Number of protein chains: 2
Amino acid sequence: MREGPDIARIASLVGDPARANMLNALMGGTALTASELALEAGVSLPTASSHLSKLMEGGLLTVASQGRHRYYGLAGPQVAGMIEAITGVAEAVGPKRVRPGPRDGAMRVARVCYDHLAGEQAVAMLDRLVDRKLLLRDDNEIRLAPSATEHFAAIGINVAAKARRPVCRACLDWSVRRSHLAGTLGAAILDKIIAEKWARREKDSRAVVFSPPGKLAFERVFLG
Amino acid sequence: MREGPDIARIASLVGDPARANMLNALMGGTALTASELALEAGVSLPTASSHLSKLMEGGLLTVASQGRHRYYGLAGPQVAGMIEAITGVAEAVGPKRVRPGPRDGAMRVARVCYDHLAGEQAVAMLDRLVDRKLLLRDDNEIRLAPSATEHFAAIGINVAAKARRPVCRACLDWSVRRSHLAGTLGAAILDKIIAEKWARREKDSRAVVFSPPGKLAFERVFLG
DNA sequence: AGAATGCTTCGATGGAGGCCGAACTATGCG
DNA sequence: CGCATAGTTCGGCCTCCATCGAAGCATTCT
């Protein structure tokens, strides 16, 4: 019986259906209130509250109090990454879905991952940015090229380095099994996509659907 | 309440301490019998057997019957990756270990991950192989360079592509947060390291400790 | 064939934890 | 100040499941 980091503790937190639903909902990136999460998980408010305090104690969540609301969010990208990994296995192992279904297809193309874009589009984008030498990639380390700050500023994206959080990070994509761009830059790009109305978030889902003109605009700016 | 792949089901499988210990033991890469796993998990044989059938049903394990033994092993690299991801979170979140401890240090330097080498040594090796253009890396895809087959053959490693399993794969390292080399080539290299007695596997641990001359030999061949 | 080993199945037990309603605290609003 | 909304805490219920001993198969050894 060997000792290691307490993996069972973490896994059992995710292992309850109600909590798993909550975490899944939070993978959308936006912080949610306890009531919203209760609804999402299909349990009563007291039950949800109990789950939330367990997730907090386990270090999987952070909370921000705003007035009488308490907004819960994932504790960080590493937690998001873990959930993606578990999702990948569940997906691979689950014999359930013989037919992927349209919504599933949309998820594969583009979806929100924590706070940035994931899916085929996102993977293609990172590839292209590296090709164009705007980003310098060395395995999981991604750095801005000297010219990049200026370039992104020109499209209206400010890449000022915020404290504590890296500007760029590689994040593994469960549907494509390749990396896409996370970090503040990844988040800023997603913000722009939504702000410019190139795409909208599917209600109650992580899927992101581009409008036809939006798709063209996105490709021109980021895949061009 | 949204529907997705059944992540809670998978996570709860890992969420039991006995099962987590078993999976952890199997991360060593060698398949183990039910009795060994019972010992590892600290439970009786009937209990272990019950856990094993659950893990089987969940698709996390494979089994191979040999005579009156049944050898259990991880179902695949994806499962191993998931466990590494959970381990990473548990490690980051667990405030327990104020002092890393020597054995932990050894794990960080070099350890077995499923069937290949992980840790600082392994990450350095992949970097070097890419630098020397023996491997061509494009994100998570790693391919053999044309010259590589011949090169590896010269050091006694046969890289014939087996069915179904890729020769090269990138595998994320939880201690270094960079990738190391998995796939049949990664496995073959670990085999060689053990066969040449450059290093030995620590008893009851995933740690791999190089002997001083073994370390030099390894560095000459793979980091040279 | 008989004994020994490896493993699984069965049945019973007990404990952990998910669940909700009701009561309690806290913040905001008129 | 009282009412409404958001959230947590408490107590009790109930289900699930991990656990083990004993018995049952299967395989190998002698």
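Full-extension gain between residue A:124 and residue A:45, please, as 0.36 nm times their residue separation minus the C-alpha to C-alpha distance.
On the way: separation 79, 0.36 × 79 = 28.44 nm, distance 4.12 nm.
The residue A:124-residue A:45 span can extend by a further 24.3 nm.
Kindly put A:107, B:56 in sequence by how many other C-beta atoms sit within 10 Å of each C-beta, fewest to most.
Numbers: A:107 22, B:56 14.
Listing A:107, B:56 from fewest to most nearby Cβ atoms yields B:56, A:107.
Given R₀ = 60 Å, FRET efficiency for residue B:200-residue A:197 by Cβ-Cβ distance, to 0.05? Could you put the intermediate results ahead of the total?
Numbers: r = 61 Å, r/R0 = 1.01.
So the FRET efficiency works out to roughly 0.50.
Taking θ as phi - 60°, what are the ³J(HN,Hα) couplings along the range B:69-77 by the Karplus curve (6.51, -1.76, 1.60), each to the nearest whole Hz, with x for Gly and Pro?
Karplus values, whole Hz, x for Gly and Pro: 9, 10, 9, 9, x, 4, 5, x, x.
Taking every residue in B:17-26, how many Cβ atoms of other protein chains lie within 10 Å of its Cβ, on average? Mind dumping the intermediate values first?
Numbers: counts 7, 2, 2, 8, 6, 0, 3, 7, 2, 0.
So the per-residue partner count for this stretch is 4.
Ordered shortest first, which distances in nm separate the 7 Å Cα→C-beta label point of residue B:131 from those of the other copies?
2.8
Out of the trypsin sites (Lys or Arg not before Pro) in the range B:1-63, which ones are loop residues according to DSSP with at most 14 other C-beta atoms within 10 Å?
Working: sites: B:2, B:9, B:19, B:54; in loops: B:2.
The qualifying sites are B:2.
Under the classification rounded if a/c is under 1.5, otherwise prolate if a/b is larger than b/c and oblate if not, where does chain A fall, given a ≥ b ≥ c as square roots of the Cα gyration tensor eigenvalues?
Working: a/c = 1.59, a/b = 1.53, b/c = 1.04.
Since a/c reaches 1.5 and a/b is larger than b/c, the shape of chain A is classed as prolate.
Can you tell me which of A:201, A:111, A:68 moves the most in a GNM of chain A? Springs connect C-alpha atoms under 10 Å apart.
A:68
Note the distances from residue B:195 to each other copy's matching label point, with points 7 Å along the Cα-to-beta-carbon direction, in nm, sorted shortest first.
In nanometres, ordered from closest: 5.8.
According to the Cα gyration tensor, what semi-axes, each the square root of 5 times an eigenvalue, does the equivalent ellipsoid of the protein assembly as shown have, listed from largest to smallest in whole Å?
Values: eigenvalues 253, 177, 79 Å².
After scaling each eigenvalue by five and taking roots: 36, 30, 20 Å.
Throughout, read-outs are computed from the coordinates displayed, never taken from laboratory work. Keep in mind it's a predicted model, so treat the numbers as computed, not measured. For neighbour counting, all protein chains shown are included, and Cβ atoms are generated from backbone atoms with ideal geometry for every residue, glycine included.
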